[in-house]
Structure formats: structure tokens, C-alpha cells
Amino acid sequence: MFDGILLNYEVSAQAVWEKVTNHLLQQGVASVSNMTGGCAYYGEDGTKCAIGVLIPKEEYTPNVEGVPIRNLFDKYYCPPSLLKLRECSDLLDELQRAHDVYYNRKTLRKEWYLRLVNIGRQYQLDTSSIEKKWKSQLSMNY
């Protein structure tokens, strides 16, 4: 299982998707910047966005804030743990957008759940453990 530190081994798209999905659904609120009010990798009250949860505390720097994951790989300081995930850049981009697009909705967990499960299916990942864990908790009927 993915523990957030990627320096010593490779991580699968499945493990990343599960880590991000469980994190967002557990957290239940978006990671928002105290300064801008917009989405943040590391936000107020210790929150983390879909990508922030993949950045260990010792690798985080405020220089990454406001920079989309795709640009972070090429143009700015990129935490070493994220560099190991470059092959998953399309998936990471989708996960970041799921957080950022829906961050201000009142039914956040349900919208995130539906979007994140759809992302998992789009990338042909096994969504069964997430569906089993969260579908009943969120009273999802589909």
C-alpha cells in the first residue's frame, strides 16, 4: 500500500488512485489556501488536495502552490516523490481537476465519489474496494 513516500519504490496508478480517493473522501472538504481562497496542495487546517496528499511534508514547499501538476513536472520545483509519478501524469491531472472543480460544492463527498470512481473506471482501475467502503457511507444509489 502506498504510504506517501515514493523515493524507494515504484507505485502503481491503482495505489495512487486509491490513496487520493480515500484521502479526499475521508477529509470531506477541499484544501483551500488561507491567502487566496483557492485550491491549495497544502491548505488551511492541515488539509491536502488530491496531489498534496502525495507530497511528504519534508518535500513540500509553498513554491508549488498555484502551479498545476502538469506544469510542476517541467517548469518549477517538483517534489522528488511526485517525479516518480510522472508516468501517471494524465491520471494525476484528472485527480487534481476533480478536487479543484468541485471544491466549493455543498455535496462535496458525493460529487467527489462519483467523479473519482468514474476516473478509476476511465483508467481501467479496480474500483471495487472504494465502492465497497464508500458507497453505503455516502448513501449512494446507482
Pair list, Cβ < 9 Å and 6+ apart or interchain, from the stretch 76-88 residues that are farther than 12 Å from Val16 by Cα and modelled with pLDDT under 90 to residues that are polar (S, T, N, Q) and surrounded by fewer than 21 Cβ atoms within 10 Å (Cβ to Cβ)
Tyr76/Asn63; Tyr77/Thr61; Tyr77/Asn63
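So which residues in the stretch 118-142 are assigned to a helix (DSSP H, G or I), of a type outside the set (Val, Ile, Thr) and under 19 Å from Leu92 (Cβ atoms), if there are any at all? Full working, then the answer.
Applying the first criterion (assigned to a helix (DSSP H, G or I)) to the stretch 118-142 yields 118-122, 128-134.
Cutting the leftovers down to of a type outside the set (Val, Ile, Thr) gives us 118, 120-122, 128-129, 131-134.
If the condition is that a residue be assigned to a helix (DSSP H, G or I), of a type outside the set (Val, Ile, Thr) and under 19 Å from Leu92 (Cβ atoms), then Asn118, Gly120, Arg121, Gln122 are the ones that fit.
Mind listing whichever residues of the stretch 48-80 are among the polar types (S, T, N, Q) and farther than 23 Å from Val11 by Cα?
Step one: filter the stretch 48-80 for residues among the polar types (S, T, N, Q), giving 61, 63, 71.
Asn63, the sole residue that qualifies.
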Would it be correct to say that Arg115 is touching a Phe, Trp or Tyr at 6+ places or on another chain (Cβ under 7 Å), modelled with pLDDT of 90 or more and either assigned to a helix (DSSP H, G or I) or charged (D, E, K, R) (or both)?
yes
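The values are calculated or read from the model by the stated rules, or taken from the named source; none is laboratory data. Since we're looking at a predicted model, the values are computed, not measured. Neighbour counts are summed over all protein chains in view; Cβ atoms, including those assigned to glycine, are modelled from backbone coordinates with ideal geometry.
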